[in-house]
Amino acid sequence: CVGCVWFLGFIENTGHKAEPLAEAILSTLNKYDINIKFLRGQSYDNAANMSGAYSGVQARIKLVAPLADFVPCSAHSLNLIGSCAASCCSVANNYFSFVQNLFVFFSSSTHRWMKLNQHAESTLKGLSVTRWSARNDACQSLNKNWAAVKNALQELVDSDTEKPLTRTEGSGLLRNMNKLETAFMTSLWCDILQTFNNVSKKLQSTQLDLSSVVELYNSLTKYTKTLRTMFNSYVQLAQDKFKENCPQFENKNRKRKKQSDETNEPDTVFSGSQFFKINTFYPICDNLLNELVKRKKAYDNLISKYLFILISVRHTIHYTA
């Protein structure tokens, strides 16, 4: 009947390639005598092997069942969007490695953990490979305890009773925290992850329909466009983390690489701030925006086909109420 969900069973692991995954799905449906030609919808995450328009699982299924529209998993898509942005440049990659290393440094020793708790209001959080929201928890805890973490590191580094390895590791982490780039990334990712995490929770609602998904994705698109204009605001937030002796952006006086037809053009020299904006801040924002737009297209296509059904259902619910 309409609305029923049937669990057919577990399938032996076939790997991550699209072809064997599609074959496993088709053979399972055939095993239970389910006619693939009656399939009208298929839903997976947005990983390329599943969602690929030409050779992904959904494309291979559509070759057999052309009417089986692909519906991406909306909540999981945000994880992939954030992951793409976080890996788009070395500074972003290095930042999350630093956050994890900071957590490991304190949590791997009860002595260091107690030392941190003497300064901090709450504990640091670690990252998670599978749960993207854990990055939000980690960034928020670091941002909240920024001064406390620095004080704890400084105390460990200055102590003659600590092991040389502890002082060396602590010194490296403290050196990272004394960079304006690290403070900037903490404020930036706190806002990004908090916003995406809030939307992700809404996307997991059982009452959500396609039009609501599109509205939420539109709201994130507007947010990301606004984010791109806020570089100076995040610079100020980063500077506010330093009570005195505020550092400057590194990589000053970098020259832009000339193209073959620009040999006679004067060198373009970027300040540290400009270099960071162009090579780190803009790529993060642009990757977020591009991935949002790309994934939203799948829902736009579905809306163009089935909006009349959504309108009819909403009117029915309203009339019944």
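Provide the FRET efficiency to the nearest 0.05 for the residue 117-residue 194 pair, computing r from the beta carbons and using R0 = 25 Å.
The formula returns an efficiency of 0.55 here.
Tell me the label-point distance for the pair residue 40, residue 290, using the 7 Å Cα-to-Cβ offset, in nm and rounded to one decimal. Label-label distance for residue 40 and residue 290, simple model: 3.7 nm.
Please name whichever of 290, 302, 82 sits farthest to the positive end of the charge dipole of the chain, dipole taken about the Cα centre and charges placed at Cβ: Lys and Arg +1, Asp and Glu -1. Working it through, the farthest residue towards the positive pole turns out to be 302.
Do any trypsin sites (Lys or Arg not before Pro) in the stretch 26-94 lie in a loop, going by DSSP, with at most 14 other beta-carbon atoms within 10 Å of their beta carbon, and if so which?
40
Placing pseudo-labels 7 Å out from each Cα toward the beta carbon at residue 32 and residue 101 gives an inter-label distance of 4.9 nm. Beyond 24 Å, the tail of the calculated P(r) for the chain holds 65 percent of the Cα pairs.
Heavy-atom accessible surface of residue 104, to the nearest 10 Å², is about 70 Å², with a 1.4 Å probe and all protein chains retained.
Quick one: check the C-alpha center-to-center distance for the stretch 274-294 versus the stretch 142-186, whole angstrom. Taking the Cα centre of the stretch 142-186 as reference, the centre of the stretch 274-294 is 29 Å away.
For the chain, a simple Cβ point-charge model (Lys and Arg +1, Asp and Glu -1, everything else neutral) yields a dipole of about 360 debye relative to the Cα centre. When 113, 189, 6 are compared by accessible surface with a 1.4 Å probe, the order from highest to lowest is 6, 113, 189. For the chain, the fraction of 1.4 Å probe accessible surface lying on carbon and sulfur atoms is 53 percent. Ordering 134, 111, 63 by Cα displacement along the dipole of the stretch 1-155 toward the positive end leaves 111 in first place; charges were set at the Cβ atoms of Lys, Arg (+1) and Asp, Glu (-1). Spin-label model, residue 222 to residue 160: label points 7 Å out along the Cα-to-beta-carbon direction sit 6.2 nm apart.
Estimated at the nearest 10 Å², the accessible area of residue 11 is 90 Å² with a 1.4 Å probe. Taking 0.36 nm per residue of separation and subtracting the Cα-Cα distance, full extension of the segment from residue 167 to residue 83 would add 27.0 nm. What shape does the stretch 44-194 take by its C-alpha gyration tensor, where a ≥ b ≥ c are the square roots of the eigenvalues and a/c under 1.5 counts as rounded, a/b above b/c as prolate, and the rest as oblate? Judged from the Cα gyration tensor, the stretch 44-194 comes out prolate (a/c at least 1.5, a/b above b/c).
Exposed loop positions in the chain were taken to be GluC sites (Glu not before Pro) whose DSSP state is not H, G, I, E or B and which have at most 13 other beta-carbon atoms within 10 angstrom. Between these positions, the longest stretch is 122-243.
Compute the Cα gyration tensor for the stretch 106-262, then decide on rounded, prolate or oblate, letting a ≥ b ≥ c be the square roots of its eigenvalues: rounded whenever a/c is under 1.5, prolate when a/b is larger than b/c in the other cases, and oblate in all that remain. Here the stretch 106-262 falls in the oblate category.
If you sort the three axes of the alpha carbon gyration tensor as a ≥ b ≥ c, you get a/c of 1.5 or more for the stretch 170-217 and a/b above b/c, which makes it prolate. Net length available on complete extension from residue 151 to residue 6 is 46.6 nm, with 0.36 nm assigned per residue and the Cα-Cα distance removed. For residue 15, what is the net charge nearby, where nearby means another residue's Cβ is under 15 Å from its Cβ and Lys, Arg count +1, Asp, Glu -1? Net charge around residue 15: -1. Projecting the Cα atoms of 178, 235, 199 onto the charge dipole of the stretch 157-252, computed from C-beta unit charges around the Cα centre, puts 199 farthest toward the positive end.
About its Cα centre, the dipole of the stretch 15-72 is roughly 100 debye, where the only charges are +1 on Lys and Arg Cβ and -1 on Asp and Glu Cβ.
Dipole size in debye (nearest 20) for the stretch 81-193 around its Cα centre, Lys and Arg Cβ +1, Asp and Glu Cβ -1?
160 debye
Potential lengthening of the chain between residue 14 and residue 243 amounts to 76.9 nm, from the contour at 0.36 nm per residue minus the alpha-carbon distance. Look at the alpha carbon pairs under 8 Å that are at least 6 residues apart: their mean separation over the length of the chain gives a relative contact order of 16 percent.
The values are calculated or read from the model by the stated rules, or taken from the named source; none is laboratory data. Here the structure is a predicted model, which means the values were calculated and not measured. Because the Cβ atoms are built from the backbone with ideal geometry, glycine has one as well, and the counts that use them run over all protein chains shown. These area figures cover heavy atoms from the full protein model, side chains too; ligands, DNA and RNA do not enter into them. Shrake-Rupley method; radii C 1.70, N 1.55, O 1.52, S 1.80 Å.
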